[in-house]
């Protein structure tokens, strides 16, 4: 018997001694949905994102292209990578290319910015969730570069995590983003950009 088998054997033995049932139904009586309207959810999300030190813009669908262009030009970004399912005309005037999954992810570190859509976003926690698909891109696309511009449509904003989970595909990898990447050591020295982009720009489309 190896170590793993020994550990599992002891666990099973302890369960039998305790008389625990094989299956227990978990109660699902927690709060499932919020009562805020779309504008209230948007305002709550903006408050959370700004508290996390993300930059937030609100625009109309017809002004999205110009909003993206202004943000990228203000940061002198030209080499852009975007999720392959996005409309290429949004990036006219830039050296912009759709992400190519066959390319070494380390090359993404050389781009000025990446642009993706979001899948679903929690206003309560200020958490943007990306699923690995054509709209949100592979995980490397939004973890390797230093600047991420994420487009959140207002109808994708929900109140809390239970609603987020209900909209997700359990078979797809997901990336959860709550503000720019940051961490602190034991002396509370804050370091940004360790686990992902240090510059997070969120564009909310009404």
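The values are calculated or read from the model by the stated rules, or taken from the named source; none is laboratory data. This one's a predicted model, so the numbers in the text were calculated from it and none came from an experiment. Positions of Cβ are backbone-derived with ideal geometry, glycine not excepted, and every protein chain shown enters the neighbour counts.
Details
- Residue identified as within 21 Å of residue 131 (Cβ to Cβ) and in contact with a strand residue (DSSP E or B) (Cβ under 9 Å, 6 or more places away or on another chain) among 90, 72: 90
- Those strands (runs of 3 or more DSSP E) of region 88-206 in which at least 2 residues are in contact (Cβ under 8 Å) with a residue 40 or more places away in the chain and either under 13 Å from the mean Cα position of the chain (by Cα) or within 24 Å of residue 57 (Cβ to Cβ) (or both), considering only elements entirely within it, cover 113-117, 120-122, 127-131, 147-153, 174-177, 199-205.
- Residue within region 149-172 that is at pLDDT below 95, crowded, with 17+ Cβ neighbours inside 10 Å and farther than 14 Å from residue 124 by Cα present: no
Conditions (1) modelled with pLDDT under 95; (2) under 17 Å from the mean Cα position of the chain (by Cα); (3) surrounded by fewer than 19 Cβ atoms within 10 Å (Cβ to Cβ); (4) within 20 Å of residue 109 (Cα to Cα), marked per residue:
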{"position": "58", "(1), (2), (3), (4)": "no, no, yes, no"}
{"position": "62", "(1), (2), (3), (4)": "no, no, yes, no"}
{"position": "68", "(1), (2), (3), (4)": "no, no, no, no"}
{"position": "73", "(1), (2), (3), (4)": "no, no, yes, yes"}
{"position": "80", "(1), (2), (3), (4)": "no, no, no, yes"}
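- Given (1) at pLDDT 95 or above; (2) assigned to a loop (DSSP other than H, G, I, E, B); (3) over 22 Å from the mean Cα position of the chain (by Cα), index of the condition residue 28 fails: (1)
- Scanning region 92-138 for residues that are within 30 Å of residue 36 (Cβ to Cβ) and either touching a helix residue (DSSP H, G or I) at 6+ places or on another chain (Cβ under 9 Å) or at pLDDT below 95 (or both) yields a total of 18.
- Some residue of region 45-62 being touching a strand residue (DSSP E or B) at 6+ places or on another chain (Cβ under 6 Å) and farther than 24 Å from residue 125 by Cα: yes
- Condition broken by residue 189, with the remaining ones in (1) modelled with pLDDT under 95; (2) farther than 26 Å from residue 30 by Cα; (3) crowded, with 16+ Cβ neighbours inside 10 Å satisfied: (3)
- Of the residues contained in region 56-71, none is found to be touching a residue at least 60 places away in the same chain (Cβ under 8 Å), assigned to a loop (DSSP other than H, G, I, E, B) and closer than 13 Å to residue 201 by Cα.
- Qualifying residue in region 74-83 (condition: over 25 Å from residue 148 (Cα atoms), out of contact with any helix residue (DSSP H, G or I) (no Cβ under 7 Å at 6 or more places or on another chain) and in a helix (DSSP H, G or I)): no
- Test: residue in region 44-51 that is on the phi < 0 side of the Ramachandran plot, loosely packed, with under 14 Cβ neighbours inside 10 Å, modelled with pLDDT of 90 or more and not in a loop (DSSP other than H, G, I, E, B): yes
- Set 187, 110, 192: member being touching a strand residue (DSSP E or B) at 6+ places or on another chain (Cβ under 8 Å) and over 19 Å from residue 49 (Cα atoms): 110
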